1. Using Cα-Cα distances under 8 Å and only pairs 6 or more residues apart, what relative contact order does region 75-182 have, in percent?
2. Where does each of 192-199, 40-47 land if you order them by average Cβ count within 10 Å, highest first?
3. When a footprinting reagent is the concern and you count Cβ atoms within 10 Å, what order do 191, 113 take, fewest first?
4. What Kirkwood Rh does region 122-184 have if only Cα atoms enter the pairwise 1/r average? Answer in Å.
5. So how tilted is helix 111-125 from the main axis of the chain? Cα-based, degrees 0 to 90, rounded to 10.
6. For the chain, set up a Gaussian network in which alpha carbons nearer than 10 Å are linked by springs, and say which option among 127, 141, 190 fluctuates the most.
7. Defining a contact as two alpha carbons under 8 Å apart and six or more residues distant in sequence, what relative contact order in percent does the chain show?
8. Kirkwood hydrodynamic radius, computed over distinct alpha-carbon pairs, for region 4-66: how many Å, to one decimal?
């Protein structure tokens, strides 16, 4: 009988090898034997641990999500209280900075960090049907958090209109990451952004101005 710690070790090696291989070649071009060789594990363990390549792919994504959870601050519990709008404004800024820190930390991290980010970015751009529920489950807390803040700040907005603002916020953050080399080229700054907090403040201000929140800019 295999020792439990050995089973866990082989499972983690397979997950990490799968992340690297799937990021390099994509799902269709990656074979189970290739992943097993990289993990220095028996290819039969893919079936044993994950039920096949599709199951391994889903668990690789889940492994990434679980190892890098984005924990948004809770929106105000009292949505109509005197502090609700102020706290919602702060929460939007904190969430944007948190998302940016997560993306930029991964892009400058280890090979596994960068492969993880590439795999997730690719999946978000073109989700596979068999992991769509997993993607939605991962995104839901952040989406619900920002939507709750938008509803506090702009209770007059219909849901679809509020979603447009939500997509705009995500779009600014993702654009910075996905097009960072181009942005650096255009700006002539190879080490941009030197001050990530300043960029986060800009995106927050741009978003709050778009939402037409006057108290976010006292004296303006």
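Only the coordinates and a few stated rules stand behind these numbers; no lab work does. Keep in mind that this is a model prediction, so the values were computed, not measured. Quick reminder, even Gly has a Cβ in these numbers, built from the backbone with ideal geometry, and neighbours come from all protein chains shown.
1. Working: 52 pairs, mean separation 36.8, N = 108.
The value is 34 percent.
2. Details: 192-199: 13.1, 40-47: 15.0.
Output ranking for 192-199, 40-47: 40-47, 192-199.
3. Numbers: 191 6, 113 17.
Result, fewest neighbours first: 191, 113.
4. Details: mean 1/r = 0.0749 Å⁻¹.
Result for region 122-184 stands at 13.4 Å.
5. Approximately 70 degrees, to the nearest 10.
6. Looking only at 127, 141, 190, the biggest GNM fluctuation is shown by 190.
7. Numbers: 174 pairs, mean separation 45.3, N = 220.
The value is 21 percent.
8. Working: mean 1/r = 0.0892 Å⁻¹.
For region 4-66, the Kirkwood estimate is 11.2 Å.
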